[in-house]
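Enquirer: This is the structure I want to talk about, given as structure tokens.
The values are calculated or read from the model by the stated rules, or taken from the named source; none is laboratory data. What you see is a predicted model, and the numbers here were worked out from it, not measured in a lab. Neighbour counts are summed over all protein chains in view; Cβ atoms, including those assigned to glycine, are modelled from backbone coordinates with ideal geometry.
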Amino acid sequence: MIIGDVRLILADIPVRRPHTMSFTTLEAVNFVFVRIETRDGLVGWGEAACLGGPTWSEESAESIVATLERYVLPWLRGRDARELESLRLEMAKRVQGNPFARAAVEMALWDLNGRALGVPVHRLLGGRVRDRVPLSWSLAVANGDAEVAEAREKVAKGHRIFKIKTAAHPVAEDVARVKAIREALGPDVRLRVDANQGWDRPTALRAIRAMEPYDLDFVEQPVPRWDLDGLAEIARTVSVPIMADESCGSPQDALAIARRGGVAILALKLTKSAGLANTMAIARIAEAAGLGCYVGCMIETSLGTAAYLQAALAAAPVTWGCELFGPLLLRGDVVREPVHYADGCILALDAPGLGVDVDELALKEWIRH
Ligand code: MG
């Protein structure tokens, strides 16, 4: 399994409707696809999805291409793809930070290894502990009526979990949105809130307290990612469970959060954690610390979604479901057969590798020129 050709493909896929979060309103997701071909002709794929430039974190699709092209690809060619763990460790030495870039390469290596052995990647992680994962849909329209209409439409299709993106607007508006959605959907749907680091401590406390009557499952990343003490303090003060997302990139971050206490849930994302191996390590730390996990997304195509799904299927602490809805929000996909959804869940993939086959013709349509 000697690595021969490695290619990077920069692409942009629009979203079906503008997606408003605390830090940007998204019109299209920027992608880097990594295609690794071994000398005996086996092909593995990886993906990094960026939310309109270096907005969610420091990386952009352009920075990922620059980093990989110069510092990873020349070294990767000629190496044995079977040595996944050695390659992961060496890549981490050659490239500090840049987790999205490293994750995209690691994803393609997992895909290759699964395909070579004829097993789904979750088998390489110990096998799946569930056959489906409850799916959350993100309400990020920031317009009361349109948002309620979208939620109703989703409920009619079987969705039962919604995450409301907040902190792009004043607290009173966000509280009114949460109230309107709860009143429109009734007590049986589950609601969560994600502030994407958009509040400071006092604003977060004020907002969460005002939202407490609307029965939230959790509030995600209320304060900036560096404010671990703030996360712990808020978590101890309010009755709603607090989830760390941007604050929890690496296993070291997970350990620091667990040691401080307070936070109840860790969000897992392959890209922010530089790949599947670190993601599973975070899940193990959560397990040891008695925390739950949730699988987030960066609005991936079916390819990246399939990779994240492997962790959601294999990591026991993922008791809060996932938001692997990228293929439903994007205007296009890059695989022959997209991931499957049913009854408000995303279904397991059991085909070899990541479980989806990239359609290079479909991908071509979205390539940046
Ligand atoms: Mg988040």
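Enquirer: Would you confirm whether or not the range 224-243 contains a residue that is touching a strand residue (DSSP E or B) at 6+ places or on another chain (Cβ under 6 Å) and over 25 Å from S273 (Cα atoms)?
Expert: yes
Enquirer: Another question about this same structure. Which one of V223, V193 is within 16 Å of the ligand (Cβ to nearest atom), in a loop (DSSP other than H, G, I, E, B) and in the same structural domain as A149 (by TED's automatic domain parsing)?
Expert: Values: V193 fails: in a loop (DSSP other than H, G, I, E, B).
Testing whether each residue is within 16 Å of the ligand (Cβ to nearest atom), in a loop (DSSP other than H, G, I, E, B) and in the same structural domain as A149 (by TED's automatic domain parsing) leaves just V223.
Results for (1) within 20 Å of the chain's Cα centre (by Cα); (2) surrounded by fewer than 18 Cβ atoms within 10 Å (Cβ to Cβ), shown as yes or no for each residue.
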{"site": "A180", "(1), (2)": "no, yes"}
{"site": "L185", "(1), (2)": "no, no"}
{"site": "D188", "(1), (2)": "no, yes"}
{"site": "D194", "(1), (2)": "yes, no"}
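Enquirer: Please go through the range 149-173 and give me each residue that is assigned to a loop (DSSP other than H, G, I, E, B), more than 21 Å from the chain's Cα centre (by Cα) and in contact (Cβ under 8 Å) with a residue 24 or more places away in the chain, ordered by number.
Expert: Once the filter is applied, which keeps residues that are assigned to a loop (DSSP other than H, G, I, E, B), more than 21 Å from the chain's Cα centre (by Cα) and in contact (Cβ under 8 Å) with a residue 24 or more places away in the chain, the range 149-173 yields G158, H169.
Conditions tested, residue by residue: (1) more than 16 Å from the ligand (Cβ to nearest atom); (2) within 25 Å of F31 (Cβ to Cβ); (3) not assigned by TED's automatic domain parsing to the domain that holds A108.
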residue	(1), (2), (3)
I265	no, no, yes
T271	no, yes, yes
G275	yes, yes, yes
A281	yes, no, yes
I299	no, yes, yes
A316	yes, no, yes
W320	no, no, yes
Y341	yes, yes, yes
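Enquirer: Can you work out which of the residues in the range 236-253 that are out of contact with any Phe, Trp or Tyr (no Cβ under 7 Å at 6 or more places or on another chain) and within 15 Å of the ligand (Cβ to nearest atom) is nearest to F23 (Cα to Cα)?
Expert: By that ranking, first place goes to E246.
Enquirer: Ok, one more. Select, from E233, E183, E212, the only residue that is more than 15 Å from the ligand (Cβ to nearest atom), at pLDDT 95 or above, in contact with a Ser or Thr (Cβ under 8 Å, 6 or more places away or on another chain) and not in a loop (DSSP other than H, G, I, E, B). Quick ask: steps written out before the conclusion?
Expert: On the way: E233 fails: in contact with a Ser or Thr (Cβ under 8 Å, 6 or more places away or on another chain); E183 fails: in contact with a Ser or Thr (Cβ under 8 Å, 6 or more places away or on another chain).
After ruling out the rest, the residue left standing is E212.
Enquirer: Here's a follow-up. Quick check on the range 254-272: of everything there that is under 10 Å from the mean Cα position of the chain (by Cα) and assigned to a loop (DSSP other than H, G, I, E, B), which residue is surrounded by the most Cβ atoms within 10 Å (Cβ to Cβ)?
Expert: The qualifying residue surrounded by the most Cβ atoms within 10 Å (Cβ to Cβ) is L270.
Enquirer: Which of the residues belonging to the range 114-148 are farther than 23 Å from A315 by Cα, part of a helix (DSSP H, G or I) and not hydrophobic (A, V, I, L, M, F, W, C)?
Expert: Answer for the range 114-148, where residues must be farther than 23 Å from A315 by Cα, part of a helix (DSSP H, G or I) and not hydrophobic (A, V, I, L, M, F, W, C): G144, D145, E147.
Enquirer: How many residues are touching a helix residue (DSSP H, G or I) at 6+ places or on another chain (Cβ under 8 Å) and within 18 Å of P222 (Cα to Cα) when one looks only at the range 152-168?
Expert: Total meeting the criteria: 4.
Enquirer: Could you check how many residues of the range 199-209 are within 16 Å of the ligand (Cβ to nearest atom) and either part of a helix (DSSP H, G or I) or surrounded by fewer than 23 Cβ atoms within 10 Å (Cβ to Cβ) (or both)?
Expert: Residues that pass the stated criteria total 3.
Enquirer: Only helices (runs of 4 or more DSSP H) wholly contained in the range 278-369 count here; list those with 2 or more residues that are among the acidic types (D, E) and crowded, with 21+ Cβ neighbours inside 10 Å.
Expert: Values: elements: 302-314, 326-329, 360-364.
The helices (runs of 4 or more DSSP H) meeting that bar number zero.
Enquirer: If you don't mind, another one. When the range 4-35 is examined, which residues are found to be of a type in the set (F, W, Y) and either at pLDDT 95 or above or part of a strand (DSSP E or B) (or both)? It would help to see each step written out before you state the result.
Expert: Within the range 4-35, the subset of a type in the set (F, W, Y) is 23, 31, 33.
Listed by number, the residues that qualify are F31, F33.
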